[in-house]
Amino acid sequence: MQRQLYTQPINTKSLHIKTFGCQMNVYDSNRMQSILTAKGFRAEPELRNADVILINTCSIRDKSEHKLLSLLGELKGLKEKDPKKVIAVSGCMGQRMGRALLQRVPHLDLVLGPDAIDRVGELLDGVIHGGQRLVEAKFDNEGRSYSQPCNVHRAKPAELLTIVKGCDHFCTYCIVPFVRGREKSRSIEEIVQDVKNFVAQGTTDITFLGQNINTYGKGTGQKLSELIEAANQVKGLERIRYLTSHPRDLGEDLINQFGTIEKLCPQLHLPFQSGSDRILKAMSRLYNQELYLKKIELLRKASPHMAISTDVIVGFPGETDEDFEATLKVLDEVKFSGAFLFKYSPRPGTKAAEFGAEVPENIKDERLARSQKILNHHIEVENKNYLNTVIPVLIESMDKKKQYFSGRNPQNKLVHVMNIGDASIGKIIDVEITDTNVSCLKGFYVGAPKNEINYRRIENHISSSLSPTPN
Ligand code: 5AD
Ligand code: SF4
């Protein structure tokens, strides 16, 4: 008799995780995918075909929450057709609304907040086997470790890694401290081990994540600069980045590292939010325009080719034309390499939501468009400067139509490369830039003929080229 070669996993349900929001949510979704894969769930690429649909949500702006509510509305019919389907919501909106979300959406089975991610497996068991509708949206006040490493099955060339969660700043517009709780840092030792695990699977570019990453280690005696030094020693790791910095907390030790730490990429995301000192004060940002510009100057002194990106909010309550002009001045002076521009959106429970003096929507739209124009102009000029230069690009993926490959340079510019094949994925190659626009650079690998476009199909390219572990 032939011996059975494998045992059937206990759970054979299929799972689709849909992620909204920031990089931290992407990382959280990867963690949940790892936990649930280990429990026997199969990944299902099509949301509608999955037995378990898990939606990882964002609360940062009203629009983000609307997206979830409309998706949940669309899923009602699916649940009616197949009552065994499980629909779950995790992330910031789960934390913010908790039981109220379960009450509002009768076809929802499970709501969990970001602090319950390590319990996603047992919570789903309760729904699937116990037939319960569950909510787990308490903050973890017991100091439960959230260090469970991301047990990756398909590490990508560039990976994200959360090192500190929560935020102790209470910027008056921001919901993050209410939905992610207070700052809590992981230890350097644990993080370096995670980095090594990623590198062992082929990752060479790591981005450390934290809502306010500069104060990493608060209360533990460890500092972000020490973590960067430790990561710089990891063999096989080529690039280190981190997000998001706060202008007040970005200290000189961190700034100087851009000129001294070999693997630290010359790139930083440093939100300024507003150029007006009056608005910065109302936002409780704890710096003024002068201090912000000083930090930019120091960064460029430490690393002259530094790419700096930012976040801006237009239409904060009480923002006058004069306040807004100050924002335009900073955009024009700094010449950012990229930016996320947002219209202010009042969030329930935040101080700014009570300020009144709302800026009308049409003025917010106008200010957004004017900011975007200045931003785009400087990005276009910067990108044109790359023409005819040769830059190192870490190739990460192939486009959906399988016509070109994409990756990033140390400054985090998106680069499309025309004349390479799937063997390049995960490698850093020299690319000559021949074309640019506001959103990307395009070019050719200098080690191959320019006109040889490779259209080869590469299903599962990441697992086959990088991961030795089969699913
Ligand atoms: N309205 C608009 N933008 C916001 N952000 C945070 N809260 C709000 C809000 N209420 C933006 C900030 C922050 C980024 C992640 O989202 O610019 O840096
Ligand atoms: Fe929100 Fe960032 Fe301010 Fe923290 S520092 S409250 S995450 S905007």
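The values are calculated or read from the model by the stated rules, or taken from the named source; none is laboratory data. Because the structure is a prediction, the values reported are computed rather than measured. With ideal geometry, Cβ positions are generated from the backbone for all residues, glycine too; neighbour counts draw on all protein chains shown. For the accessible areas, the whole protein counts, side chains as well, though only heavy atoms, and no ligand, DNA or RNA atoms are used. Shrake-Rupley method; radii C 1.70, N 1.55, O 1.52, S 1.80 Å.
A few notes on this one:
- Meets criteria (open to solvent by 10 Å² or more (accessible area, probe 1.4 Å), within 16 Å of ligand 2 (Cβ to nearest atom) and either without any contact (Cβ under 8 Å) to a residue 60 or more places away in the chain or in contact with a Cys (Cβ under 8 Å, 6 or more places away or on another chain) (or both)) for Asn214: yes
- Strands (runs of 3 or more DSSP E) enclosed by the range 26-143 - at least 1 residues per element that are within 16 Å of ligand 2 (Cβ to nearest atom) and either surrounded by 14 or more Cβ atoms within 10 Å (Cβ to Cβ) or at positive phi (or both): 86-91
- Test: Arg182 is at pLDDT below 95, closer than 24 Å to Ala352 by Cα and away from ligand 1 (no atom under 16 Å from the Cβ): yes
- Scanning the range 235-245 for residues that are more than 11 Å from ligand 1 (Cβ to nearest atom) and open to solvent by 30 Å² or more (accessible area, probe 1.4 Å) returns Lys235, Gly236, Glu238.
- Test result for Leu227, within 26 Å of Leu414 (Cβ to Cβ) and open to solvent by less than 20 Å² (accessible area, probe 1.4 Å): no
Yes or no, residue by residue, for (1) at negative phi; (2) of a type in the set (D, E, K, R):
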{"position": "Lys235", "(1), (2)": "yes, yes"}
{"position": "Tyr242", "(1), (2)": "yes, no"}
{"position": "His246", "(1), (2)": "yes, no"}
{"position": "Glu252", "(1), (2)": "yes, yes"}
{"position": "Leu270", "(1), (2)": "yes, no"}
{"position": "Leu286", "(1), (2)": "no, no"}
{"position": "His305", "(1), (2)": "yes, no"}
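- Count of residues meeting criterion [surrounded by 19 or more Cβ atoms within 10 Å (Cβ to Cβ) and aliphatic (A, V, I, L, M)] in the range 375-390: 2
- Of all residues making up the range 375-403, the number that are of a type in the set (Val, Ile, Thr) and over 21 Å from Ile429 (Cβ atoms): 2
- In the range 168-211, residue surrounded by the most Cβ atoms within 10 Å (Cβ to Cβ) [restricted to those that are within 10 Å of ligand 2 (Cβ to nearest atom) and acidic (Asp, Glu)]: Glu183
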